[in-house]
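Let me begin by presenting the structure, written as structure tokens, before commenting on it.
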Amino acid sequence: MTTTTTTPPTTSTPASIRPGAAPRPTLKAGHLVLHVALILGSVAMLLPFGWMLATSLKSPPQIFTYPPSLVPSPVVWRNYLDTVQAMPFGRFYLNSLFVAVSVTSLQILTSSLAAFAFARLRFRGREALFLVYLATLMIPFHVTMIPNFILIRFLRWFDTFYALIVPTAFSVFAVFLLRQYFRGIPAELDEAARMDGASSFRIWAQVIMPLSGPVLAALTIFVFLGSWNDFLWPLVVSNSHATRTIPVGLATFRGQYNTDWHLLMAGSVIALLPVLLVYVFAQKRFVEGITLSGMGGR
Amino acid sequence: MTASTSSHSPLPRWRRYQPDQQWEAYLFLLPSFAGFLIFVAIPVVASLALSLFEWSLLSPPEFVGFKNYTQLLSSDLVFRKVLVNTFYFIVTIVPLQLAFGLLLAVALNQGMRGLEIYRLIYFMPVVTTIVAAALVFQWFFNRDFGILAAAVWELGSKTGLPIRPPDWLNDPDWAKPAVVILTLWKNTGFTMVIYLAALQGVPTELYDAAKVDGASAWQRFRSVTFPMVSPTTFFLMVIQMIGAFQLFSEAFVMTQGGPANATLTIVYYIYQMAFEFQRMGRGAAVAWVLFIFIFIFTLVQTRLQRRWVHYEAGGES
């Protein structure tokens, strides 16, 4: 095991430079070489997960044994019990879930309303305002982080869910992405609805939103995952277990159990498990969501 | 109810709704715009102003002019190191990430069996929490009990070569590559998937034509694949560069910026200034320097793209 895994970038073997997008397999021998390279690469990708899981099931003496083994014996399930007793990971889950669900739904609500106005309604200053929105897309979050932190302190929102949710309930990027998509929906549809007496709100709710399933699904996954995995902002504004999300909780855990690798790895497994489970069962949606959003809707 | 809107007017249909749309539109915009104003627009201005002050939040802010900037750029040796580190990460991570991503995408685009499984595996790190990933890599790189070091020891003893594993995370020369490896592991799946989408848009006739002309596999890659995906390469280059500029969690969790500040990044420095040393103004100044760097680099890349990015239908000149 160990000898084949020393080189994570195994995929760089010349064999994998098989150019062209040939639709049908042409070179069987070439494929075999490619498979070998891709499997080695896969092992390298999976090794950290395996190492995490293995360590999480070892006893401390097993951990500090040379040579290290990927198979724990005996298997120490107790580590997980010790981990959740040392740190309230259940609470962190709830916090993360609450924050991610709130951020995702609020962001989609506020952004789709605004995107609808930009894409479909005529009003003074529409282009100018949209340009202002776009201009801020380039500004990194870190520029606004410190003033936002001061604002949170000033509002006495430090270490509350407000601090975790409200500042991220809006997104220029989501407005941009949704506007692009909304503009692709034929205008005749909402004109027809308007002729039938539908208000703009009804057109948004009953024409545009139902027709935007793919982009909304993509954005939901993108925003949810981003919020669930977000680290820096929650690290800055939460200060107790009551508000810590999974990543911040795990970092806090590390701070306290610096060398208890069996517990730290058990905590890592606990932190990763829900997302990875959902990912394995909904791989296509995840990849689509992140690709579509990552490409800015192109 | 508004069935009375008969079509006697010569105006195009959409113009008739204009008057009431004005206020309606503002209502639709209100939630987003309020958030935008309070949490983005005003903080941007505030951050610029803040960078001219020295403020610990405990005592009243003190105006210092451009001192935060001039000190950063002239006498702050740590910041100089931070910049060097950041450039190191950019010039290693961005090209490697693009190369691996493209290589994997090209490999997977050969009509291979098991594409779904490979994609599942290679993309898995993208969805993982970086804190957990950084933790396991820290343990992975451990010199005495880490699996990587053990493999190197084994290799050394098996081959009789005098190779010894480096003390990755405690050696300033090795801690940076460790961060690079973690980042590559974490993000290569993303570039791969984006490239895969781009490759699927390349018309197969181009390859057929190249084959007819007797082009070798490498030539087909050079003169068909590479130019056809160059807009994607450009896009990925820009966003990966911005990502590399903003490296934080990897270093924060795995190396704590050390050893000897070898993995201290710009964002890490912002964090240190503001939240460890309580120097809000200095932190804001570093953030603005970051923004200016990102802005200039993106601008330069946008300029340079005209020389190498190939747009279909001759869009860009």
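Going by what's in this entry, would B:N68 be described as under 26 Å from A:L137 (Cα atoms), in contact with a Gly (Cβ under 6 Å, 6 or more places away or on another chain) and more than 9 Å from chain A (Cβ to nearest Cβ)? So B:N68 passes the test.
Conditions (1) open to solvent by 10 Å² or more (accessible area, probe 1.4 Å); (2) under 25 Å from A:L32 (Cα atoms); (3) within 12 Å of chain A (Cβ to nearest Cβ); (4) of a type outside the set (S, T, Y), marked per residue:
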position: B:V84; (1), (2), (3), (4): yes, no, no, yes
position: B:Y88; (1), (2), (3), (4): yes, no, no, no
position: B:I93; (1), (2), (3), (4): no, no, no, yes
position: B:L120; (1), (2), (3), (4): yes, yes, yes, yes
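The set of residues in region B:243-270 being surrounded by 24 or more Cβ atoms within 10 Å (Cβ to Cβ) and more than 22 Å from B:D171 (Cβ to Cβ) consists of B:I266, B:V267, B:I270.
The conditions of being open to solvent by less than 10 Å² (accessible area, probe 1.4 Å), in contact with a Phe, Trp or Tyr (Cβ under 8 Å, 6 or more places away or on another chain), assigned to a helix (DSSP H, G or I) and under 30 Å from A:V248 (Cα atoms) are met by A:A100. Restricted to helices (runs of 4 or more DSSP H) entirely inside region A:130-212, those with at least 1 residues that are at the interface with another protein chain (Cβ under 10 Å from one of its Cβ atoms) and touching a Leu at 6+ places or on another chain (Cβ under 9 Å) are A:141-154, A:172-183, A:200-203. Yes or no: A:F123 within 10 Å of chain B (Cβ to nearest Cβ) and either open to solvent by 60 Å² or more (accessible area, probe 1.4 Å) or under 23 Å from the mean Cα position of the chain (by Cα) (or both)? The answer is no for A:F123. Regarding B:A132, is this residue free of Cβ contacts under 8 Å to residues at least 40 places away in the same chain and open to solvent by less than 10 Å² (accessible area, probe 1.4 Å)? Considered against the rule, which asks whether it is free of Cβ contacts under 8 Å to residues at least 40 places away in the same chain and open to solvent by less than 10 Å² (accessible area, probe 1.4 Å), B:A132 comes out as yes. Scanning region B:173-223 for residues that are without any contact (Cβ under 8 Å) to a residue 60 or more places away in the chain, crowded, with 19+ Cβ neighbours inside 10 Å and more than 16 Å from B:A107 (Cβ to Cβ) gives B:I181, B:A210.
Residue under question is A:P186, and the condition is that it be buried (at least 17 other Cβ atoms within 10 Å of the Cβ) and in the same structural domain as A:S212 (by TED's automatic domain parsing); does it hold? In short, no. Checked across region B:239-252, the condition of being more than 10 Å from every other protein chain (Cβ to nearest Cβ), of a type outside the set (D, E) and outside any helix (DSSP H, G or I) holds for at least one residue. Listed here are the helices (runs of 4 or more DSSP H) enclosed by region B:124-223 that have at least 2 residues being of a type outside the set (A, V, I, L, M, F, W, C): B:147-159, B:172-200, B:204-212, B:217-220. Being open to solvent by 80 Å² or more (accessible area, probe 1.4 Å) and out of contact with any Cys (no Cβ under 6 Å at 6 or more places or on another chain): is that true of A:Q85 here? So A:Q85 passes the test. Checked against (1) within 7 Å of chain A (Cβ to nearest Cβ); (2) surrounded by 20 or more Cβ atoms within 10 Å (Cβ to Cβ); (3) not hydroxyl-bearing (S, T, Y), B:M112 passes all but a single condition, namely (2). The helices (runs of 4 or more DSSP H) found entirely in region A:230-298 that carry 2 or more residues being under 18 Å from B:P125 (Cβ atoms) are A:246-256, A:261-281, A:283-294.
The values are calculated or read from the model by the stated rules, or taken from the named source; none is laboratory data. This one's a predicted model, so the numbers in the text were calculated from it and none came from an experiment. Note that we place each Cβ from the backbone using ideal geometry, even for glycine, and neighbour counts take in every protein chain shown. Each accessible area value is taken on the protein alone, full model and side chains, heavy atoms only, with ligands, DNA and RNA left out. Shrake-Rupley method; radii C 1.70, N 1.55, O 1.52, S 1.80 Å.
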